[in-house]
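Take a look at the structure set out below.
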Amino acid sequence: MAATHEKPSYTEFHPRWYRPRVSTYWWLQRSAYVLFILRELSSVCIAWFVIFLLMLIHAVSQDRAAYDEFLEWAAHPIVVTVNVISLLMVVFHAATWFNLAPQAMVVRMKGKRVPGIYIAGANYAAWLVVSALVAWLLLR
Amino acid sequence: MARRQIEPLLWLLFSAGGVMSALLVPVLLLLFGVVFPLGWLEPPSWEYLKDVIGHPVTRVLLFLLCMLALFHWAHRFRYTLYDGLQIKHLNEMIALMCYGGAIVGSVTAGYLLWQVP
């Protein structure tokens, strides 16, 4: 029995599995793969947002002049461009995330599985409510 | 073996960060990144924003958002590099860079939020 836990020793007759080389650009071959990589790269935009948010928090915690300076910097065309691209990517992240929610959460009610569309719908509703609350808090 | 035991925790952080960022980042980025800079709406005054960010509930929420979003990035980006670029031999270094970056970022976020008057 113990032998099965040991590393199999190399023999000349050990089969070598056939492994075709995959191109580094394999994800460019199909639109579904490109969308997959874009979804994964949305995480970079989320990290950028955290940096942006921390710069805002830092500016606000100093004084009014620092806050005005931050607002001026945020209006620079390059920063706006980066933020518009990031916004699109983050919305893509949110949509794909909520669409996958039914697969991640299985909710049962009275012994029956709640259809996925309700779970996704609840997630989208929460998104709407949270966004409205934040906008109300910042714009009132 | 240690990595196997920590993997579910990392996935949990990734998942929690995914929810937090999906709910909160679009509206915040829309307002502070696009709407206010382009002058479509007036940004909140400094006094008001200072009070909002300085509120204990906001501080805790913002800290959780920053920390979880960073761990979300770390986990997803790590596997993007892993799948996309096929650099298996750099695996350890990439993991260190990603999770290390998330830890440094979280500590920075905690410090900056602590500093808000």
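None of the figures in this text is laboratory data; all of them are computed from the coordinates on show. As the structure is a computational prediction, the values presented were derived from the model and not from experiment. So basically every Cβ, Gly included, is an ideal-geometry build from the backbone, and we count neighbours across all protein chains shown.
Some points to look at:
- Of A:His58, A:His76, the sequence from fewest to most neighbouring Cβ atoms within 10 angstrom is A:His76, A:His58.
- For the range B:5-18, Karplus couplings with θ = phi - 60° (6.51, -1.76, 1.60), whole Hz, Gly/Pro x: 6, 8, 4, x, 5, 5, 5, 4, 5, 4, 5, 4, x, x
- With a 10 Å cut-off around each Cβ of A:118-128, the average count of Cβ atoms from other chains is 1.
- Residue mean of other protein chain beta carbons inside 10 Å, A:21-28: 2
- Cα point-scatterer Debye curve for the range A:19-140, base-10 log of I(q)/I(0) at q = 0.13, 0.15, 0.16 Å⁻¹: -0.78, -0.93, -1.00
- Distance between the range A:28-70 and the range B:19-95 - C-alpha centres, whole angstrom: 6 Å
- GluC sites (Glu not before Pro), loop per DSSP, at most 12 other Cβ atoms within 10 Å - longest free stretch of chain A: A:13-140
- Ordering A:Val130, A:Trp26, A:Leu41 by the projection of their Cα atoms onto the charge dipole of chain A, which places +1 on the Cβ of Lys and Arg and -1 on the Cβ of Asp and Glu, puts A:Trp26 at the extreme positive end.
- Per-residue Cβ neighbour rank within 10 angstrom, fewest leading, B:Val27, A:Val34: A:Val34, B:Val27
- Rounded if a/c under 1.5, otherwise prolate or oblate - the range B:21-87, Cα gyration tensor axes: oblate
- Residue order, fewest to most surrounding Cβ atoms within 10 angstrom, among A:Arg64, A:Arg140, B:Arg76, A:Arg39: A:Arg140, A:Arg64, A:Arg39, B:Arg76
- FRET efficiency, A:Asp68 to B:Val60 (Cβ-Cβ, R0 22 Å, nearest 0.05): 0.20
- Rg and Dmax of the protein assembly as shown, based on Cα coordinates, read 22.0, 76 Å.
- Whole-Hz Karplus values for the range B:23-30 come out as 6, 9, 5, x, 5, 5, 5, 4 Hz, taken residue by residue from phi with 6.51 cos²θ - 1.76 cosθ + 1.60 and θ = phi - 60°; glycine and proline positions read x.
- Share of Cα-Cα pairs in chain B lying beyond 24 Å, as whole percent: 39 percent
- The mean number of partner chain beta-carbon atoms within 10 angstrom of a residue's beta-carbon across peptide A:92-103 is 3.
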